[in-house]
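The values are calculated or read from the model by the stated rules, or taken from the named source; none is laboratory data. Every value quoted in this text rests on a predicted model; they were computed, and no experiment measured them. Here Cβ is always computed from backbone atoms with ideal geometry, including for glycine, and neighbour counts include all displayed protein chains. Surface areas here come from the heavy atoms of the whole protein model, side chains and all, with no ligands, DNA or RNA. Shrake-Rupley method; radii C 1.70, N 1.55, O 1.52, S 1.80 Å.
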Amino acid sequence: MSLLTGPMRHHLDGHKDLTLTKPVLKTIDPDVVWIPLTNGNAPCKAVVNIGDEVKIGTKIAERNDRFFLPLFSPVSGTVTAIEKFMTSGMTQAEHLRIQNDHKNTTVRAFEPFDYEKASWEEVLDFVKNAGMLGLGGAGFPTYVKYLKPENVDLFIVNAVECEPYLTADYKNIEENISLLKTGTLALFKLSKAAKGCVAIKEDKVDQIAALKETFAGTPIEVRTVPNLYPMGWERTLVFQLTGKRYGMLPIEAGCILNNASTAIALGNAIDNGMPITHKYVTVSGDAIKNPQNVLVPIGTKAHEIIDACGGFVENMEDVLLVAGGPMMGKAIPNDQFVIAPQNNGLTVLKNIKNEEVKCLRCGRCTETCPSGLQPVRINFAQKRMDLEELETLSVNDCIECGMCTYICPSKIEVTEGVRRAKRFLRAKAAPGGKK
Ligand code: SF4
Ligand code: SF4
């Protein structure tokens, strides 16, 4: 099956009105932040010692395996410990504890940078050393995708934000549109692309007008896409804008993409000399008292943010807390994890337990899948651990959009079954895994 042959006709109720027009809460200033010493599955090594004083913008850690990524302090204060606990990705990781002195002493992390005069190599070096990473969810070091930009037809800044409830990118753009311009033009230069665009959903009328005004006279077009889910996913967006599909990476379809918040972060590094220290996070759902966006230091614990938003409307045990949006986010069993750079939402929902019933063989999950898969067959084959059948079902084309679970009338966790199938295939493909 090829990718994106599904109909993708689902307009989900976005619930974005809960937070879209409210001001961003910026007063959360935790006594302690915990910086996850991890980037994806790769560990980062602290470059400060216990007892060191740090400022906002001090380099505190770096990833230094086959990729490089520096991390910077989001508060001023003292490094007091390194401890291991669970991340928002539900893995164990070391976290660097920084006691906040609430003085907000700041150090400009980078020298002023003129990306227009700089050579391509200098822009690449700047993006690398400024610690830019994918803020849309992946958290991957940004410079890596620009290392060999050959035959790029289209550079895309993704401002689609299609997940229900989430409006963090929208608010970030609203408040930082000139930084978005700087970062987008710098990344466009780096991409060596023939054309560039900012992609946004067609219903965001006011923001479309603001973007058109901002990018007037530049090579960047503003392109609108239908208000459908999962339009913001890279594969779907590339297909929508170019009609092309790809196997592993968007560059195979002549595209390079970055999230709008990543472009804004780069604009902030170029214009203000500051690295990624804070994050816009949407706190929303039907089980949080005051849904709103917050701007918090990286490393703020989820429970402090939830308290600042009035707390849960139910007891914690009757609430489903999701790191991210309800479709692609991860349900987390407690609120003790911290905000990492790639976290863009905390969705808090009433935990209504729907009794799962037998599959009706209705085919709705197959009709709906934007990747053209047969989720029901994958689920059955996964339960039987039928490697032979799974290998014929293009399981790895699943983009984990959650639509098959959303649509299932039998309340089966179909997406979870597909995820398990992916893990099963990965384990079998690992050295020594295949019998
Ligand atoms: S989560 Fe389900 S609907 Fe979405 S791509 Fe994967 S199999 Fe298809
Ligand atoms: S949507 Fe649910 S009930 Fe229908 S075929 Fe898929 S898994 Fe079965």
Test Ala287 against the criterion of being more than 18 Å from Leu25 (Cα to Cα), open to solvent by less than 10 Å² (accessible area, probe 1.4 Å) and outside the structural domain of Asn343 (by TED's automatic domain parsing), and give yes or no. no
Go through the residues of the range 146-160 one by one and say whether even a single one is of a type in the set (Asp, Glu) and on the phi > 0 side of the Ramachandran plot. no
Odd one out for Lys148, checked against (1) part of a helix (DSSP H, G or I); (2) under 28 Å from Asn39 (Cβ atoms): (1)
Residues that are in contact with a helix residue (DSSP H, G or I) (Cβ under 7 Å, 6 or more places away or on another chain) and part of a helix (DSSP H, G or I), drawn from the range 391-408: Val395, Asn396, Met403, Cys404, Thr405, Ile407
Being assigned to a strand (DSSP E or B), open to solvent by less than 10 Å² (accessible area, probe 1.4 Å) and at pLDDT 95 or above narrows Leu266, Leu321, Leu257, Leu295 down to just Leu257
So, Gly345, is that one under 30 Å from Glu304 (Cα atoms), near ligand 1 (Cβ under 8 Å from one of its atoms) and in contact (Cβ under 8 Å) with a residue 12 or more places away in the chain or not? no
Which residues, taken from the range 160-170, are open to solvent by less than 10 Å² (accessible area, probe 1.4 Å) and in a helix (DSSP H, G or I)? Ala168
Under the condition of being open to solvent by 40 Å² or more (accessible area, probe 1.4 Å) and more than 10 Å from ligand 1 (Cβ to nearest atom), which residue from the range 397-423 is farthest from Thr366 (Cα to Cα)? Arg423
State all residues of the range 197-245 that are in a loop (DSSP other than H, G, I, E, B) and without any contact (Cβ under 8 Å) to a residue 12 or more places away in the chain; if no residue qualifies, say none. Ala216, Gly217, Gly243, Lys244
When the residues of the range 172-190 are filtered to those that are crowded, with 24+ Cβ neighbours inside 10 Å and closer than 20 Å to Gly137 by Cβ, which remaining residue is nearest to the chain's Cα centre (by Cα)? Asn172
Being at pLDDT below 90, farther than 24 Å from Arg235 by Cα and either not hydrophobic (A, V, I, L, M, F, W, C) or not in a helix (DSSP H, G or I) (or both) is the requirement here; does Lys411 meet it? no
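Rundown of residues vs (1) touching a residue at least 40 places away in the same chain (Cβ under 8 Å); (2) touching a Pro at 6+ places or on another chain (Cβ under 7 Å), yes/no style:
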residue	(1), (2)
Val281	yes, no
Ala287	yes, no
Pro291	yes, no
Ile298	yes, yes
Ile339	yes, no
Leu373	yes, no
Arg377	no, no
Gln382	yes, no
Any idea which residue in the range 337-392 is nearest to ligand 2 (Cβ to nearest atom), counting only those that are of a type in the set (S, T, N, Q) and open to solvent by 90 Å² or more (accessible area, probe 1.4 Å)? Asn354
